[in-house]
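No lab work stands behind these numbers, since they all come straight from the coordinates. Because the structure is predicted, anything quoted here is derived from the model rather than measured. Glycine also receives a Cβ, built like all others from the backbone with ideal geometry; neighbour counts cover every protein chain displayed.
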Amino acid sequence: MVEKLSESMKKKGWSDGEIEHLKKELSKSKKRDYLRKRKLNRFFYWQTLFVIALLNFAAVLILSPFILIMQDYWSYVITAFIALTVGIMLNFLVMSIDHLELKHHYTALAAIPVLAVIDLAIFFKIFSFTGEYFDIHPQVNMVLFSLLFVVCFILPYLYAAVRGKLQK
């Protein structure tokens, strides 16, 4: 592209010095744009993690009443569906951001289990509260439920990592 531009400018009567100056300015502009995009992408990365954390907590609050009133099978199906959906959204958003370094992917990979553990703590707090004050107890095996939630939440990101989609 730069060569075509140089040829075009020569045809229009530009001197070699002016063409070299143009090339330097374009190079500076590209570098400046790259650095700006890189900073912006990092901002979007952290913002994405924050928004996913909020969506994740909202999913936990929405999911809790279903677990309390539904039978075993449907509680597990709804849990798997919501955890997979939030995990897929996180994976899509993180993977679609350009200029991320491997450390950012490791941070996301570490943040996912931390979010899952916080979710489980919220679940247990909600269930102990409802059990204590309303005498309503979940009809699910909480260990199996916890394991299902964490695995379904982490699964999309692990799948992408195994397939080699992580940018290096």
Using only Cα atoms, locate the centre of region 61-79 and the centre of region 107-168, then give the distance between them in Å, rounded to an integer. 13
Ranked by Cβ crowding within 10 angstrom, fewest neighbours first, how are THR48, THR107, THR79 ordered? THR107, THR48, THR79
Angle, helix 72-96 long axis vs. longest principal axis of the chain, Cα atoms, 0 to 90°, nearest 10? 10
Give me the one-decimal Kirkwood hydrodynamic radius in Å for the chain, with the sum taken over alpha-carbon pairs. 19.2
Percent of all alpha-carbon pairs of region 126-167 at distances over 13 Å, whole number, is 66
Taking R0 as 35 Å, what FRET efficiency do you get between PHE81 and LYS103 from their Cβ-Cβ distance, rounded to the nearest 0.05? 0.65
In degrees, nearest 10, range 0 to 90: what is the angle between the Cα axis of helix 102-133 and the longest Cα principal axis of the chain? 20
